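Asker: Right, I'll just put the structure down here and ask away after.
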Amino acid sequence: MIRKICARVLYGILGWKKNVTVQHPEKCIICLAPHTSNRDFVIGQLYMRAEGMRINFMMKKEWFFFPLGPIFRHIGGIPVWRSKHTSMTDNLAAEAKKASDFQLCITPEGTRSLNPNWKMGFYYIALKAGIPILLYGVDYSRKLIQCTKTIVPTGDADRDIHEIKQYFKDFKGRYPEKFTTGE
């Protein structure tokens with residue numbers, strides 16, 4: 001029932017479309033961009049539920065206060081302490097290796113503000129765990145959610161990240177002025 005309601009809201013009422021041509025493996029990182037608004041979270045949650053998916057996501061720890069914290073954890077949220085240097089990428093890569101099912105969504109900008117220096121954690125988690133990265137673009141101008149490319153990290157981060165940024169260069173976030181690939 002939730003699936004039907006979310007599909008009706010996202011595709012019927014809000015008018016979004018999807019263009020997803022890649023297979024979703026049991027283990028992957030979902031790189032989602034652009035991320036320029038809190039509305040991206042709502043669109044993502046509606047999409048995930050409309051498609052019958054269960055995907056974890058990373059979010060800054062400041063959002064995990066009561067009563068939101070327990071709710072975010074219940075729907076797959078993982079708090080991130082951005083001020084601390086932790087072994088989060090190593091821990092998540094180890095978790096991905098041992099889990100039978102691991103799908104984690106990360107926004108590479110790491111913020112809703114303009115940031116040409118993308119965070120690399122999503123890349124290193126995928127590289128260390130030996131799992132692919134699915135590229136999901138959200139385009140507000142076309143009301144389109146698109147995933148037509150998968151990247152398997154090669155270890156040549158500069159080349160791989162350039163390819164990833166090229167994929168996202170034409171997507172328009174809710175606030176296009178807040179998104180850049182830095183290239």
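The values are calculated or read from the model by the stated rules, or taken from the named source; none is laboratory data. All values reported here derive from a predicted model rather than from experimental measurement. Every residue, glycine among them, receives a Cβ derived from its backbone with ideal geometry; neighbour counts consider all protein chains shown. With ligands, DNA and RNA removed, areas are computed over all heavy atoms of the protein, side chains included. Shrake-Rupley method; radii C 1.70, N 1.55, O 1.52, S 1.80 Å.
Asker: What's the longest bit of the chain with no exposed trypsin sites (Lys or Arg not before Pro), using DSSP loop states and at most 15 other Cβ atoms within 10 Å as the test? Walk me through the numbers on the way to the answer.
Answerer: Values: sites that count: Arg54, Arg82, Lys84, Arg142, Lys143, Lys169.
By the stated rule (loop sites, at most 15 other Cβ atoms within 10 Å), 85-141.
Asker: Greater than 29 Å separation of Cα atoms is the criterion. Which listed pairs, Lys97/Lys169; Lys4/Lys165; Lys97/Lys149; Lys98/Lys178, meet it? Write out the running numbers ahead of the final one.
Answerer: Working: Lys97/Lys169 31 Å; Lys4/Lys165 33 Å; Lys97/Lys149 22 Å; Lys98/Lys178 37 Å.
Checking Cα-Cα distances, Lys97/Lys169; Lys4/Lys165; Lys98/Lys178 exceed 29 Å.
Asker: When all protein chains stay in place, what accessible area (Å², nearest 10, 1.4 Å probe) is found for His35?
Answerer: Accessible area of His35: about 40 Å².
Asker: Give the calculated FRET efficiency between Asn38 and Thr148 to the nearest 0.05, with a Förster radius of 25 Å applied to their Cβ-Cβ distance.
Answerer: On the way: r = 26 Å, r/R0 = 1.03.
Efficiency, rounded to the nearest 0.05: 0.45.
Asker: I need the per residue convex hull volume for the chain, using only the alpha carbons, in cubic angstrom as a whole number. Walk me through the numbers before you get to the answer.
Answerer: Working: hull volume 22.4 nm³, N = 183.
Hull volume normalised by residue count: 122 Å³.
Asker: Please find the FRET efficiency linking Arg159 to Arg54, where r is the Cβ-Cβ separation and R0 is fixed at 41 Å, and quote it to the nearest 0.05. Intermediate values should be presented prior to the final figure.
Answerer: Working: r = 32 Å, r/R0 = 0.78.
Between Arg159 and Arg54 the formula returns 0.80.
Asker: Same structure, new question: Quick check: at a probe of 1.4 Å, how many percent of the accessible area of the chain sits on carbon and sulfur atoms?
Answerer: Numbers: 5420 of 9900 Å².
Within the chain, the accessible surface is 55 percent carbon and sulfur.
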